[in-house]
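Below is one structure; the comments refer to it alone.
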Amino acid sequence: MFSSYIENPQNCNFEGQDADEKILLLLRAHPITNLSWIIPAILLFLIPFFLPRVSQAVGFDLSLLPETFLILILIINYLLVLVVVFEGFLFWYFNVYIVTDKNIVDIDFHSLLFKNIDMAPLRNVEDTSSSMGGILQTIFHFGNVFVQTAGATKNIDFIDVPLPHKVADFILDQAHKKYGGN
């Protein structure tokens, strides 16, 4: 369930799903995008190991500080690491893009207290496009998919998803298969 590209996922549902609606594709941001929070978490984790050497290099003696103060700094540091990792994982795991046999769903998780769900009926899909730019996106095959919809329905953007060209083609194929077209 930690994959970022799942076709026909089992035992998955989402808020607002109809009883007869079937999920065809479940997407998350490519795992490589998690480096934006994993690297800072690792650096924060390593700070206590390098702090004595750095303080010695700048001429500050850590032994002058009370032991309880140093323990408090360690606790705060590791709590900060925990918060960065927990928030980064939640943000990645719960920001999902779903293609069903009826709708396209974009669930944006902003925090524990706020999420945004955008839905567009598959019948309103007019066009899809995809883009990959930059060395990381080219090497790891991820990018953005933009779904243009008809009428007052909001356009849907899938950001940093794996295989964007395949996803754009899949969405357009499903729309044509279900509601006609070329």
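Quick note: the coordinates plus some simple rules give every number you see, no bench work behind them. Just so it is clear, the model here is predicted, and its values are computed rather than measured. Counting neighbours? That spans all protein chains shown, and the Cβs are built from the backbone with ideal geometry, glycine included.
Summary table below
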| read-out | value |
| --- | --- |
| Alpha carbon convex hull of the range 1-85, projected area averaged over orientations, nm² | 8.7 nm² |
| Only Lys, Arg (+1) and Asp, Glu (-1) charged, at Cβ; the chain dipole about Cα centre in debye | 200 debye |
| Cross-link reach list, aspartates and glutamates versus residue 166, counting only Cα pairs under 16 Å and skipping chain neighbours closer than eight places | 7, 127, 157 |
| Simple label model, 7 Å out from Cα along Cβ direction - residue 46 to residue 86, nm | 2.5 nm |
| Over the chain: Kirkwood hydrodynamic radius from C-alpha pairwise inverse distances, Å | 19.1 Å |
| Rounded tilt (10° steps) of 67-94 against the dominant C-alpha axis of the chain | 10 degrees |
| Principal axis dimensions, largest first and in whole angstrom, of the range 36-89 by Cα | 38, 23, 11 |
